[in-house]
Structures are given as C-alpha cells and as structure tokens.
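> There's a structure below that I have some questions on.
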C-alpha cells in the first residue's frame, strides 16, 4: 500500500469539495484544564488530534481539510464548538510531534454559527472502552443558528430545545428546524388555531 503524506493545510488529492465534516472530539480527560484556566479551551478543543486509524501510520481516520467544525464533547454534553479557520499564514491546521505518528492541531475560534449547540447533548456519545477520541460526522447534522441581523448580532428570538438527541430551533419568522440522528423518525402535525391555547 502506498503511503499518503499530508502537506500542512494543503488540499488532499482526493478532496473534491470544501470542508463538509464535523470532528467530534472527546475532551473528558483534559476538560479540567479548562475549568482551571478558561483560556486553555482553544488548546484543548483544537488539538493535538491523531488522524490515524488504530496503530496505522498510513490509514487516516479523517481528512483535516474536510473538517469545518470541531465539537468538544464531555460525558454526553457539548462543551464547546469551534469553526476551523485559516490562521495568518492561510493554514487551517498544522502538524505537531515527530514521525511516524504526528498529530494535527487545527486553527479556529468559537463558533457563532453553531453556538446553539453549547450544552446540548453531544452529537456523539463514546461507549466504555471505545479507543478513538475523535469521530467524524456530517456538517448537516448540526443545527446552524439564525443568520446575523443588519447590526451583526444573532436575533435573540432564535430559540433552541433539546429532546433526547434531537435539536429543535425556532426562528422569529416561524421557521422550525429539526436535527435528528439517523435512527430517529419525525412526525409533523399541524394544530388548528383553537388548539394552540391548550
């Protein structure tokens, strides 16, 4: 098998689209650092994460160029959500450590788009004994917040509710967004005006 080498921040040969994935990361072991020093949050959330499958140094668990958002998970709760963004050199991530099992540190900042995910159920729950601290999810599985108003702020009328692992968002224009795991089914019914008072 031919070994694949990653160039820092450069697109992968097989990547056909822009960033379209979420990296859910298990921060349970390091979250005490954030509780002691809140300024450590970015370091804990953004890296250093191993992209390798198991003990392999050639098979990747994720493509860092496809990661758009990082969700920090702890004991079933979403602790932080970061957008992956280019740094001053235009790089979205960089390597740390020595060969052959280097790790990846992402560049980014707390997400405004997905701020409603904070303290909601984590998008992935690690099972006891599950080895990998990272899980790749689809970007569309996260509920995006309302667009900023002309003043540049998120409309305070945007509301969120969490039911099980479903996240429901209601914008002030009456637009309802429901994000559910693949195993869920959704039934929608419309109530008559007189039923709304009950």
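The values are calculated or read from the model by the stated rules, or taken from the named source; none is laboratory data. Just so we're clear, the structure is a prediction, and the values are computed from it rather than from any experiment. Don't worry about glycine lacking a Cβ; one is built from the backbone with ideal geometry, like all the others, and counts go over all protein chains shown.
> For the stretch 75-90, which positions are within 19 Å of the chain's Cα centre (by Cα) and in a loop (DSSP other than H, G, I, E, B)? Spell out how you get there, then give the answer.
Pass one, the stretch 75-90, residues within 19 Å of the chain's Cα centre (by Cα): 75-87.
Result: 75, 76, 85, 86, 87.
> OK, next. Is there a residue in the stretch 91-107 that is loosely packed, with under 13 Cβ neighbours inside 10 Å, touching a residue at least 60 places away in the same chain (Cβ under 8 Å) and in the same structural domain as residue 133 (by TED's automatic domain parsing)?
No, the stretch 91-107 has no match at all.
> Step by step: first the residues of the stretch 162-192, then only those that are within 12 Å of residue 141 (Cβ to Cβ) and not in a strand (DSSP E or B), then the one that is modelled with the lowest pLDDT. Which residue is that?
Applying the filter and picking the extreme gives 165.
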